[in-house]
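Engineer: Structure incoming, see below.
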Amino acid sequence: MPVIGLLDPRTPDALADRLRGFRQGLKETGFVEGESIAIEYRWADNQMDRLPALATDLVRRRVAVIAVPGGPDAAFAAKTATATIPIVFVVAVDPVRLGLVASLARPGGNLTGINFLGGEVTAKRLELLRMLVPGATRVAVLVNPTNPTMTEGASRELELAGRTMGLKLRVLNASTSQEINAAFATFVNERPDAVLVGVDPFFNSRRVQLVHLATRYAVPASYVAREFADAGGLMTYGASISDAWRQAGIHCGRILKGAKPAELPVVQSVKFELVINAETARMLGLTVPPSLLSLADEVIE
């Protein structure tokens, strides 16, 4: 029975939907966990420094494929650990710009995967947030300074979009839970009209904290992953990450059937979803306009 190694920087408890998507992708290519394949899971529990050792462990285990759906750090840890075992990544940033592959059409090495376009939709997120809070003039943007590959492109898009919309943007840095608390504490004196939370695996792992703080300070907030709306966040817009994981499962299945990662094109996400938490909107005293409701893929009541 072939073995797939799955390496992720987070914990599995909050990734149930994504894991279902990954297994569904494998099933679509004829592989079922426990029947025709086995999966070895390695979780870093949000301790990024553990990733290299966990990747090395999977290489030592001689797995057939390593899936790294948790962003660039996990992908680079696996890339460093092996130049021969196929690696399937899921990243929010252009993998060519990151240096993971030579091109999207022909990756060229032992890596291929899914690019779910996180930073590229940042301007659209700002536009949707403005539709929900039409009187907004000042928007706080929360970014993780330790992850420049994910923030630089998004920052350029935001700056241009903010100018076009006449918005004053204020960037706040946070790379720890304490820094997230400190960033929101500044809202007492310099209250923004809304906040845009950047794309980052760390922020996803702290979504309960972020949603709680947005509620505590009564500030409308936009996030990228639908799990934030499920946790009580006001609005999310971005690629369907569970579908990106499904596509990663399909890639793993194709490789197990003989496809070479060097020739297996990187897939860019085409499924995007807008989720609005109507209960949170009411709590904030916001009326969701019909034009925005008509765009929503889901409205949580």
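Engineer: Would you point out the residue of region 11-43, among those that are assigned to a loop (DSSP other than H, G, I, E, B) and either surrounded by fewer than 19 Cβ atoms within 10 Å (Cβ to Cβ) or among the β-branched types (V, I, T) (or both), that is nearest to the chain's Cα centre (by Cα)?
Structural biologist: So in region 11-43, the residues assigned to a loop (DSSP other than H, G, I, E, B) come out as 11, 15, 29-32, 34-36.
If we keep only those that are either surrounded by fewer than 19 Cβ atoms within 10 Å (Cβ to Cβ) or among the β-branched types (V, I, T) (or both) too, we end up with 11, 29-30, 32, 34-36.
Numbers: T11: 14, T29: 24, G30: 27, V32: 25, G34: 28, E35: 30, S36: 29 Å.
Once the filter is applied, the top-ranked residue is T11.
Engineer: Residue check: is R138 charged (D, E, K, R) and modelled with pLDDT under 95?
Structural biologist: Taking the combined requirement at face value, the residue does not satisfy it.
Engineer: To continue, here is another question. Quick one: which residue in V88, V63 is of a type in the set (A, V, I, L, M), in the same structural domain as L26 (by TED's automatic domain parsing) and farther than 15 Å from V267 by Cβ?
Structural biologist: V63
Engineer: What number of residues in region 266-296 are over 18 Å from A92 (Cβ atoms) and either of a type in the set (K, R) or not in a helix (DSSP H, G or I) (or both)?
Structural biologist: The total comes to 12.
Engineer: Has region 145-166 got any residue that is assigned to a strand (DSSP E or B), more than 24 Å from V93 (Cβ to Cβ) and at pLDDT 90 or above?
Structural biologist: No, there is no match, as no residue in region 145-166 is assigned to a strand (DSSP E or B), more than 24 Å from V93 (Cβ to Cβ) and at pLDDT 90 or above.
Engineer: Let me ask you something else. Looking at the structure I just gave you, is F116 within 30 Å of L158 (Cα to Cα) and out of contact with any Pro (no Cβ under 9 Å at 6 or more places or on another chain)?
Structural biologist: Judged against the criteria, F116 is a match.
Engineer: Determine if region 249-267 includes at least one residue that is under 16 Å from V141 (Cα atoms), touching a Pro at 6+ places or on another chain (Cβ under 6 Å) and surrounded by 18 or more Cβ atoms within 10 Å (Cβ to Cβ).
Structural biologist: No, every residue in region 249-267 fails to be under 16 Å from V141 (Cα atoms), touching a Pro at 6+ places or on another chain (Cβ under 6 Å) and surrounded by 18 or more Cβ atoms within 10 Å (Cβ to Cβ).
Engineer: With D17, D13, D49, D73 as the choices, which residue is at pLDDT below 95 and touching a Ser or Thr at 6+ places or on another chain (Cβ under 6 Å)?
Structural biologist: Answer to the check: D17.
Engineer: Which residue, of T186, T122, T146, is under 30 Å from V65 (Cα atoms) and in contact (Cβ under 8 Å) with a residue 12 or more places away in the chain?
Structural biologist: That would be T146, the only listed residue that is under 30 Å from V65 (Cα atoms) and in contact (Cβ under 8 Å) with a residue 12 or more places away in the chain.
Engineer: Let me ask something else about it. Identify the single condition in (1) within 21 Å of D94 (Cβ to Cβ); (2) assigned to a helix (DSSP H, G or I) that I255 does not satisfy, given that it satisfies every other one.
Structural biologist: Here I255 clears every test but (1).
Engineer: Against the condition buried (at least 23 other Cβ atoms within 10 Å of the Cβ), hydrophobic (A, V, I, L, M, F, W, C) and modelled with pLDDT of 90 or more, how does A214 come out, does it pass?
Structural biologist: Values: buried (at least 23 other Cβ atoms within 10 Å of the Cβ): yes; hydrophobic (A, V, I, L, M, F, W, C): yes; modelled with pLDDT of 90 or more: yes.
Yes: the conditions hold for A214.
Engineer: Determine, yes or no, whether L286 is surrounded by fewer than 20 Cβ atoms within 10 Å (Cβ to Cβ), touching a residue at least 40 places away in the same chain (Cβ under 8 Å) and assigned by TED's automatic domain parsing to the domain that holds R10.
Structural biologist: No: the conditions fail for L286.
Engineer: Same structure, new question: How many residues are within 22 Å of A218 (Cα to Cα) and acidic (D, E) when one looks only at region 282-301?
Structural biologist: Number satisfying all stated conditions: 1.
Engineer: Only one of (1) modelled with pLDDT under 95; (2) surrounded by fewer than 24 Cβ atoms within 10 Å (Cβ to Cβ) is not met by A225, so which one is it?
Structural biologist: (2) is the only condition that A225 fails.
Engineer: How many of the residues in region 113-135 are surrounded by fewer than 18 Cβ atoms within 10 Å (Cβ to Cβ) and either under 13 Å from the mean Cα position of the chain (by Cα) or farther than 21 Å from N204 by Cα (or both)?
Structural biologist: Number satisfying all stated conditions: 4.
Engineer: Going residue by residue through region 49-71, is there one that turns out to be of a type in the set (D, E, K, R) and within 18 Å of the chain's Cα centre (by Cα)? Give the derivation first.
Structural biologist: Going residue by residue through region 49-71, those that are of a type in the set (D, E, K, R) are 49-50, 57, 60-62.
Add one more test, that the residue is within 18 Å of the chain's Cα centre (by Cα), and what stays is none.
Looking for residues that are of a type in the set (D, E, K, R) and within 18 Å of the chain's Cα centre (by Cα), one finds none in region 49-71, hence no.
Engineer: Residues in region 63-87 that are touching a residue at least 60 places away in the same chain (Cβ under 8 Å) and assigned to a helix (DSSP H, G or I): how many?
Structural biologist: Here the count works out to 5.
Engineer: Within region 99-109, is there a residue that is over 23 Å from A259 (Cβ atoms), surrounded by fewer than 20 Cβ atoms within 10 Å (Cβ to Cβ), more than 19 Å from the chain's Cα centre (by Cα) and not small (G, A, S)?
Structural biologist: No: zero hits.
Engineer: Looking at V143 and the list (1) under 19 Å from V199 (Cβ atoms); (2) among the aliphatic types (A, V, I, L, M); (3) assigned by TED's automatic domain parsing to the domain that holds P9, which single condition is not satisfied?
Structural biologist: Going through the list (1) under 19 Å from V199 (Cβ atoms); (2) among the aliphatic types (A, V, I, L, M); (3) assigned by TED's automatic domain parsing to the domain that holds P9, V143 breaks only (3).
The values are calculated or read from the model by the stated rules, or taken from the named source; none is laboratory data. What you see is a predicted model; the values in this text were computed from it and never measured. Here the Cβ is made from the backbone with ideal geometry for all residues, glycine too, and neighbour counts use every protein chain on show.
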